[in-house]
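Data block below; observations after.
FYI, it's all coordinate maths here, none of it is from the lab. Predicted model, so just to flag it, every value in this text is computed and none were measured. Here the Cβ positions follow ideal geometry from the backbone for every residue, glycine too, while neighbour counts run over all protein chains shown.
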Amino acid sequence: MSKPQPSGTTSATSSSSSQIKSLKLTGEDIWKNKTEKINTELFTLTYGSIVSQLCNDFQRDFEKVNENLFSMGYNIGVRLIEDFLARTALPRCENLVNTSEVISLCAFKIFLNITPQITNWDRKKEAFSLILIDNPLSEFVELPMDAMKELWYSNILCGVLKGALEMVQLDCDVWFVSDILRGDPQTELRIKLNRILKDEIPIGRRLSYFQHKQFKTKFRIRVLVSRVHIYIYIMHGRAARKLPDARNMYLNVHGRIFFIVFFFLLYFFVSINV
Amino acid sequence: MAIYSFWIFDKHCNCIFDREWTLTTNSTSGTTNSKQNQETAKLLYGMIYSLRSITQKLSRGLNKNEMRSISTGKYRVHTYCTASGLWFVLLSDFKQQSYSQVLEYIYSSIYVTYVANNLFSPYDFAENEDEMRGQGFRKITNRRFIDSLENFLSPLVGQ
Amino acid sequence: MTQKTLITPAENSTTITQMDTSRSSRLYTESLMFKKDNVSLSAMTFLYQEMISYLHQSSTTMAEFEKKLSNYGESIGLRLLELLNFRASLSPKSFIDSSSSATTTTATTTTTSNITTTSATTGTGTAKIISENRTRSKSTTSKLANDTRTSSNSALRDHNTHHHHHHHTLEREKNLDVSLCKYITKMRRRDLKILDILQFIHGTLWSYLFNHVSDDLVKSSERANEYMIIDNSPVLTQFIPNNNNASLSCNYFVCGIIKGFLLSAGFPCSVNPHTMSTDEFDERLVYLIQFDQEVLEREALRA
Amino acid sequence: MAIQSLLIVNKSGGLIYHRNFTGTGSHEQQKQPLNSNDYLILASTLHGVFAIASQLTPKALQLSQTQIDYTIPYIPNLGTSSGAANATSSGGRGSNIGKLGSFKGDDFFKDSFTSWNKSGLRQLCTDQFTMFIYQTMSGLKFIAISSTVMPQRQDLNPDRNKNINPNNLAIQVADNFLRKVYCLYSDYVMKDPFYSMEMPIKSDLFEKKVNAMIDNIS
Amino acid sequence: MPQYFAIIGTQDNPIYEAEFTNPTSKNASSNEGGFPNDLKELNPFILHAALDVIEDLQWQPNPTVNNANGGGGIGIGYFNSNTSSNSSLNSTGFLKSRTSLGGNNSASDNCYLGKVDHFYGLSITAYLTYNGMKFVMIHGDASKSNTNEKDITFNYNEEINSKTSNGNRNKAMVPLDDNAIRSFYQEVHELYIKALMNPFYNLNDPINDSSFDMRVRRLAKKYIT
């Protein structure tokens, strides 16, 4: 899969067809040769019993069932991204168009052996829809009358996408627009990018052109914690000056100097990232 | 393109010399002891310091385990630390395996002759306490040192 | 896009209202044919892992956790009893071509994706089977085969050559449910004996669930009502570490499937997992099945 | 390339896995091994340094916009070498799951791949050991400390191809190996219902698989 | 010839019921083709009476009424006045002919139980699914369907004597077409499985889904008119 090195400046709107083709090939190759498979119906029936059990547990409060499915999906998504990245080692996506292709051609193919269609791009290319043609989750399923209007049967998929995308710093909203099970003509799932999460994990790379454009810091607890560190350092520094400055401090008080410099270093680390 | 920049740190965590080449093709481009590099110098020192402490911690046995080079995604940092606490740091690309011979030569022949043995140049670049622990600003300005360093390093810049 | 008025074939006088069909047409138009589709093991094991951690959090005692997990399995087991027996009743020839229906499903993804196509998919899927089976023995075409079916057979027979043309013939009969009964000469016998049903589990159920027959089917020597199904490397719980006291209970899902399967077949029992690792298979698992007394009595009565 | 120890650091700098593989060939006189919180400090320091390294990109590089090739070639049978004793998967029945969990075939991947670690810390060479860091896009860092030492004395002949020198080769070998550990992590830790994210790894299965892979290597 | 069809759950609870009237009956009055009113209320009772027979046949190696030991073949409807021996005789008679007719497959297919019982000329056929659902159908007497209501109630005795003469197929007995009924049951069984596969459907829940009902009626028209 020696993917052609993505050309320097792919236009933000559409990535080249060769990229799409190579993603398609990657997805198919990994699905065919490198993924262990299992009977879809076992997967469908398991999911079916989970949803119907949830409906009983929540006494048919389908709003709650939707939320619960979403949070289960989210828990899966944050773990599934690691499996996806370990399996494909795809480079970071330049823009949302590229991300949507990776999701449809690689992710869905590798995990569910389906390739949803990408449609309904919004003007600013920040939201798109996935049309699930043969959704393996909703085989054999018919919603009861009272669930017809409220339950999103495959809501776990939204959670998975939300969790996985968040792990690669794409904070998105994912929700179902229509579902065949509700009598709609097609099953449509909408993904809207809210913002790029600041790389609070120093991912060890320059922010790509795309991220610069969207870069917005968001105050996280971690920033608060680092503020505390700075405060401690300043207090520590002042106290250190009062003590007699032992001649060869460096040699015998190895641990202490390490501590000071450690905070010295943390101070810089924090000042860069905040 | 082989070398990007060259730094010397003393035992007071001060950067006493820095030379950066900005144009890959022209070995005379770039700055010497420039002001904007102070931030980078502190960062570089911080990185090397903590990696050295890790190296000490992880080293086994009696003989001193010395850190040789740090590679990142884009460049490689070669370090040569003398017993007297001087650090010679060279940032380069990935072509060359190791620059320890170059750094040793710089230390033994250029630095010692033009700075250590030079009566006029101060032995310790931090005159008083508050110039220690990274606050120091004095640089090696000895012209002959800079020229000889230049002659020695410039052929490596464009390699 | 064909207009969606669903005019039923001539012999049924009532016209099906729009609302009624669109709501429920999916359930009965889909064919029960085994499409042999696959999803990735990762997807299944992630779902399984999340199901377990969800149950683990929401149950206070270990027994409650095991009970809930087993219930999930039971609801699947009772469905698989009917599904697998029904599919086992299909004449073997029709199985060879079920893989073909997978190809036709992918073929139709290119066409519009509304309901009519899905029934058309399965329609084409089975159509392929008809054309394959026409050389089969006379007994499949029961003498009461109504005219529409025979006419549709002939229309479909030359299906392979011009696929798309064929599509339109089927479009008209879009709400013709796909029933597989035409490929059933006789329904598979209901299993009456313990050994029969366990053989069915050992062979068909295990191959359906895990792509291989179970590694062993053993009758315990101590007690008459105990039987054991052995799996050398369980698929669903292979990533769950053993140094966790709850890891054994994670197997209650498959126990639930077995229990649901046997219970609805008229063999009430209790199933629980035990690890019996050997040097070659350290994940080796034994599903211990203990039948209730009434099953033994019935077995003795009918022997 | 004998692996001396393996560390895994989560994306917020916490150490979640650490093992020393003092198998054959390690030094006899063991310096008193670091206690566990030393490794904690070591992990968070590395995490900190990782970010600084990416800020220090030399100006010359920033201006020249040279395209650095980050593709890592696939090195077959590293760690899952079929040559090793437990080669053939047990039991010949049907399509049993190969011994690579949810990965099919005799190796986790067969193609070259692009490293995500574009500008962070990747290798630290010292006289006694060499440390390799493989970072994933999700911020997880896999650190291998190998006792093979990079040759420091080297003739300065310019014609050597830029990618062949031992340092870069070692990085490629390490990346291949650490990506496989990442695959094991994605199987035996991510799919373990009793593992909560960012917490230390307790799974004995993961332990067993990593040890098997280390044995295959040394 | 009217039929009353029902699916009975494992706890003998009704899952689905339907009555199939014969659309081709000449005169237009609604229930003319159907069961006479007084008989209509009896249908559930007749069914439940047949359940005992079915439960007994369920676990027999080859479930045909004639070789059921002692207890089998009772088939006593509440209103069947004659002695049990008589009815078991003629029911075996009929079944013997049936088994001889479909001899080869009845031994191996133990889902379709064929005619398990009869009640004054109404024969009752049954079918068992794998998870214990019982499909039961009461077939109204074809030859009597177009006579008026009075006739049917009157000729109970005549009905019984006709059966004693070893009711072979072509006698004016209820001309049950075995294969058609078997196919009808198999198709309904398939529909039932499709309904069961829905995760929201629990075992023994009643199926009151209109499309299920519509399809069963369509099958009835196809196989049993």
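For the peptide A:135-144, the mean number of other protein chain Cβ atoms found within 10 angstrom of a residue's Cβ is 6. A helix-only calculation puts chain B at -9000 deg cm²/dmol for mean residue ellipticity at 222 nm, using -39500 (n - 2.57) for each DSSP H run of at least four residues, averaged over all residues.
For the range B:53-111, the C-alpha radius of gyration divided by 2.2 N^0.38 Å, with N the number of residues, is 1.20. For the residues B:Glu66, B:Glu20, B:Glu104, a GNM of chain B with alpha-carbon springs under 10 Å puts the largest fluctuation on B:Glu66. Cβ under 14 Å from D:Arg19's Cβ, D:Arg19 left aside: what net charge do those residues give with Lys, Arg +1 and Asp, Glu -1? Neighbour charge sum, excluding D:Arg19 itself: 0. With contacts taken as Cα pairs under 8 Å at a separation of at least 6 residues, chain B carries a relative contact order of 32 percent. Shape analysis of the range B:3-153 yields a ratio of the Cα radius of gyration to the Kirkwood radius, Rg/Rh, of 0.94. Rounded to the nearest 20, the size of the Cβ-charge dipole of the range A:18-196 about its Cα centre is 660 debye, with Lys and Arg at +1 and Asp and Glu at -1. A simple count of charges around C:Asn244, restricted to other residues whose Cβ falls under 12 Å of its Cβ and scoring Lys, Arg +1 and Asp, Glu -1, yields -1. Mean partner shielding of peptide C:49-61, defined as the number of other chain Cβ atoms within 10 Å of each residue Cβ, is 4. Per residue of peptide E:120-129, the mean number of Cβ atoms on other chains within 10 Å of the residue Cβ is 1. If R0 is taken as 30 Å, the Cβ-Cβ distance between C:Ser221 and C:Ser58 corresponds to a FRET efficiency of 0.15.
Among residues other than D:Ile201 with Cβ under 15 Å from its Cβ, the summed charge is +2 (Lys and Arg +1, Asp and Glu -1). How much of the calculated P(r) for the range A:119-202 lies past 22 Å, in percent of all Cα pairs? Counting every Cα pair in the range A:119-202, those more than 22 Å apart make up 33 percent.
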